[in-house]
Amino acid sequence: MAEILSNERLEYTGEVQPQPGKFDPSGQPLYPYFPDRDLVEAVNLAIQLERPLLLKGEPGCGKTKLARAVAYELELPFEAWYVKSTSRARDGLYIYDTVGRLRDAQLAAAKSLPANEDLEQIRDPATYIEWGPLGNAFLSDRRTVVLIDEIDKADIDFPNDLLLELDERRFFIEETRPRREVRAKAPPIVLITSNDEKALPDAFLRRCLFHYVEFPEEKRLGSIVRAMFPTISQELQKKAVARFLKLRREMQQQKGNAGKKVSTSELIDWIDILRRHPEDEILEKLEGKLPFPGILLKSWEDHRRYLAREKF
């Protein structure tokens, strides 16, 4: 396949879906993804403008899976950076193994006649660099889809520490003398997700495009379920999705926008269990008490509200 270096040749449609059981080069399973028209437009704007796309939306609405879907359709390399509370901005660029270099220097010093290649390795700081997801994307000759997942988990300074890298697509390796500058060979396609746990700095937001990912409506949920479970009957799919959305509406009325509501991933787990039982039995249960509520309700407060409703 020819290398894709030009913006003009890249257009995401959301219409190219992997077959069931397909895996990406890293061994991760691939799943169908059904974006709405506005989300497709946002992705293409980010590709054309070479700007990061910041995605917000409630947990479970599909923010994280979008990046793999874009990489799959455009047949581009994919790099994932899953941010933690302890993550540093530099970790996504490179990690320098200071301990490993010190260990090798001590081992070499312990030899009476150290091998020349050992000394050369120790003298070269580049030997001890391990590239991070964003660093790998900068080094790639092809445009790479980079997922920076849940950026709001990290310290408040984390986004500001990436301004140069995201804006000018370059960074420095401080351990080399003179320090080495790394510039992106091809502009990466950066998708950043946030659950809005904390506000992001204005300077960071200015460099991003923004899109709020809406929770899928009934028709799209049906498409997702049929793609995940091709053999499911239409009746079971429709009734299960309808009961799921009824539960979401009830949770919305009780909690408003602040509390956690059932998500797409929980719907998939729930239907996976439903389809393992005799269909006539499950269809009957869907008309009465909610079957297997522990898959959908993840807190005692939600269970308590549900049990209170069932008494009437």
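The values are calculated or read from the model by the stated rules, or taken from the named source; none is laboratory data. No experiment lies behind these values; they were computed from the predicted model shown. Heads up, the Cβs are rebuilt from the backbone with ideal geometry, glycines too, and the neighbour counts pull from every protein chain shown. The area values use the complete protein model at the heavy-atom level, side chains included, leaving out ligands, DNA and RNA. Shrake-Rupley method; radii C 1.70, N 1.55, O 1.52, S 1.80 Å.
At a glance:
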item	result
For Phe210, distant residues with modelled amide H under 5 Å away	Leu54
Cβ-based charge dipole, the chain, positive-most Cα from Thr144, Tyr94, Pro159	Pro159
Which label in (1) 47; (2) 31; (3) 36 gives the computed percent of Cα pairs over 30 Å apart	(1)
Three-way shape label, the range 1-87, alpha-carbon gyration tensor, a/c 1.5	rounded
Pairs of alpha carbons in the range 127-173 whose separation is greater than 17 Å (percent)	41 percent
The range 169-268, accessible surface, carbon-and-sulfur percent (1.4 angstrom probe)	49 percent
Cα gyration tensor shape of the range 134-284, rounded if a/c is under 1.5, else prolate or oblate by comparing a/b with b/c	prolate
Met228/Asp141 FRET efficiency (R0 25 Å; Cβ-Cβ; nearest 0.05)	0.10
Heavy-atom accessible area per residue - the chain, 1.4 Å, Å²	55 Å²
Carbon plus sulfur fraction of accessible area for the range 33-94, probe 1.4 Å, in percent	48 percent
Gyration tensor (alpha-carbon) shape descriptor, the range 213-312, a/c threshold 1.5	oblate
